[in-house]
Amino acid sequence: PLLLLYSKNNSYICGIKSIYNMIKGHSLLLLAGLMACNAAFAQGQFGGQTLPNSVAPVTNINPNGYPRLLADNSVAFRLRAPEAKNVQIDLCGRKYDMNRSEDGWWSVTSQPQVPGFHYYSLVVDGVSTADPASESFYGCSRWSSAIEIPEKGCDVFETQQVAHGRVSELRYFSAYTESWRPVLVYTPASYDKDIDKVYPVVYIHHGGGEDHRGWVEQGRVANIMDNLIAQGKAKEMVVVCVNSNVPAKAGSRGGYSWEGMQSYKTELTENILPFIEKNFRVGKDARHRAICGLSMGGGQSFYIGLRMPELFANVALFSTGIFGGIAGSSNSDPEKEIPGMYSNTTGFNKNLDTFFISCGEQDPRINFTRTIVSQMQDKGVKVRFASYPGDHEWQVWRKSFNEYAQMLFK
């Protein structure tokens with residue numbers, strides 16, 4: 001049974017949101033949330049007509065409300081804040097000044113947006129906040145609102161009429177952090193039926209400012225796997241979405257370096273892998289393990305995956321900044337970072353079944369990445385590369401994992 005307590009204000013209901021995955025497996029879930037709703041942050045059709053020839057993105061709480069997506073992929077925002085002096089929408093880092101009507105409603109329409117998933121915030125009199133009219137996602141080191149703009153030809157990201165796997169949220173005890181930590185695990189639809197089968201496993205990493213929920217919620221990794229498996233394009237596999245935000249202990253170095261990866265390497269190898277291999281039927285050798293990640297997670301996959309071929313024979317980096325394009329990263333030397341990559345290329349290649357790098361074509365990292373990939377290939381390193389339209393954003397990373405999953409364990 002599920003009990004929801006709510007309050008009403010100005011003829012609309014302020015719901016309780018962001019409870020997905022909070023508690024699972026309980027016979028009773030009691031949520032008591034008496035929310036005092038502030039009309040200053042209410043987007044909707046209240047006080048005016050819904051914009052003609054527009055649709056609500058799936059990220060909206062209210063399908064009849066705002067924001068609204070227009071045919072050219074511009075986004076219309078409307079909210080009531082009668083006492084505010086200045087209201088803006090911060091969408092993908094660009095701020096739009098909203099216009100106030102006499103009755104206290106504010107509105108603005110953005111420039112056309114590229115397809116994909118985009119974080120946004122309300123900025124009311126200088127205070128940035130998530131929009132209660134949107135579903136909430138953990139990104140940018142905070143709970144954020146988002147707009148989902150569909151892209152033609154990307155049905156693989158959507159829920160379809162196929163056999164669906166399961167995403168389980170678990171807790172394991174970390175001897176390194178001396179705390180209980182979360183992990184999300186995708187198992188394919190056959191996992192609970194074919195109880196004797198052992199599955200290959202992918203350890204997938206989020207970016208900076210995100211956590212283990214990113215790949216499931218923003219990245220739609222379960223949809224991608226369900227659809228690829230149903231189409232026969234990918235092997236059945238377990239996908240482990242880790243929380244790689246592990247603080248370095250006193251005296252440890254941080255940053256993009258092998259030394260800086262030691263805290264998380266310890267967490268992954270001494271806590272996460274043993275927990276997964278104890279509780280799931282997954283391969284326990286390098287050929288049946290893969291590691292990949294986006295941005296910060298790409299850097300973690302680069303160092304740990306390539307320096308530890310005894311654990312991982314499949315490595316992928318999506319939009320990593322280790323090659324350049326971000327502050328503090330330049331003049332990357334792959335041979336220095338991964339000894340043997342150039343000096344023993346034959347041995348390096350022999351240890352890997354797949355090595356894949358990708359980046360968005362509008363990402364500041366793209367030219368640095370292309371240069372390093374070209375250098376690797378000239379040296380004889382067997383690395384595949386792909387780029388996709390987009391900046392440092394989830395549509396690029398969804399496409400990256402979609403392509404990489406089809407390479408694995410063949």
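The values are calculated or read from the model by the stated rules, or taken from the named source; none is laboratory data. All values derive from a computational prediction rather than experimental measurement. Heads up, the Cβs are rebuilt from the backbone with ideal geometry, glycines too, and the neighbour counts pull from every protein chain shown. Accessible surface is based on the protein model in full, side chains and every heavy atom, while ligands, DNA and RNA are left aside. Shrake-Rupley method; radii C 1.70, N 1.55, O 1.52, S 1.80 Å.
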Subset of region 372-410, residues over 22 Å from residue 296 (Cβ atoms) and among the acidic types (Asp, Glu), comes to 378
message: touching a strand residue (DSSP E or B) at 6+ places or on another chain (Cβ under 9 Å), open to solvent by 10 Å² or more (accessible area, probe 1.4 Å) and either touching a residue at least 24 places away in the same chain (Cβ under 8 Å) or not basic (Lys, Arg) (or both): is that true of residue 389 in this structure?
response: yes
So is residue 276 touching a residue at least 60 places away in the same chain (Cβ under 8 Å), under 20 Å from residue 243 (Cβ atoms) and either open to solvent by 10 Å² or more (accessible area, probe 1.4 Å) or in a strand (DSSP E or B) (or both) or not?
-> no
By residue number, the members of region 58-76 that are open to solvent by 10 Å² or more (accessible area, probe 1.4 Å) and part of a loop (DSSP other than H, G, I, E, B) are 58, 61, 62, 63, 64, 66, 70, 71, 72, 73
Considering residues that are open to solvent by 70 Å² or more (accessible area, probe 1.4 Å), free of Cβ contacts under 8 Å to residues at least 40 places away in the same chain and over 20 Å from residue 143 (Cβ atoms), the number found within region 77-108 is 5
Taking region 350-374 and keeping only residues that are in a helix (DSSP H, G or I), surrounded by fewer than 15 Cβ atoms within 10 Å (Cβ to Cβ) and in contact (Cβ under 8 Å) with a residue 12 or more places away in the chain, one is left with 367, 371
Within region 109-122, of all residues that are crowded, with 16+ Cβ neighbours inside 10 Å and out of contact with any Gly (no Cβ under 9 Å at 6 or more places or on another chain), the one nearest to residue 157 (Cα to Cα) is 118
For region 332-349, the count of residues that are crowded, with 17+ Cβ neighbours inside 10 Å and assigned to a loop (DSSP other than H, G, I, E, B) equals 4
Selection from region 190-234 of residues within 29 Å of residue 136 (Cβ to Cβ), part of a loop (DSSP other than H, G, I, E, B) and open to solvent by less than 40 Å² (accessible area, probe 1.4 Å) yields 206, 207, 209, 210, 211, 212, 218, 219, 220
Taking region 123-143 and the residues there that are assigned to a loop (DSSP other than H, G, I, E, B) and among the hydroxyl-bearing types (Ser, Thr, Tyr), the one that is most open to solvent (accessible area, probe 1.4 Å) would be 141
Per the filter on region 235-250, residues farther than 25 Å from residue 155 by Cβ and either open to solvent by less than 30 Å² (accessible area, probe 1.4 Å) or in contact with a Leu (Cβ under 7 Å, 6 or more places away or on another chain) (or both) are 240, 242, 243, 244, 246
Going through region 113-148 in order, the residues found to be of a type in the set (A, V, I, L, M) and in contact with a strand residue (DSSP E or B) (Cβ under 6 Å, 6 or more places away or on another chain) are 122, 123, 124, 130, 133, 146, 147
Of the residues in region 285-327, those that are more than 22 Å from residue 390 (Cα to Cα) and open to solvent by 20 Å² or more (accessible area, probe 1.4 Å) come to 285, 287, 288, 307, 308, 309, 310, 311
Hey, any hits in region 161-180 for a residue that's touching a residue at least 40 places away in the same chain (Cβ under 8 Å), in a loop (DSSP other than H, G, I, E, B) and open to solvent by less than 20 Å² (accessible area, probe 1.4 Å)? no
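Rundown of residues vs (1) in contact with a Lys or Arg (Cβ under 8 Å, 6 or more places away or on another chain); (2) at pLDDT 95 or above, yes/no style:
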position	(1), (2)
232	no, yes
240	no, yes
243	yes, yes
248	no, no
268	no, yes
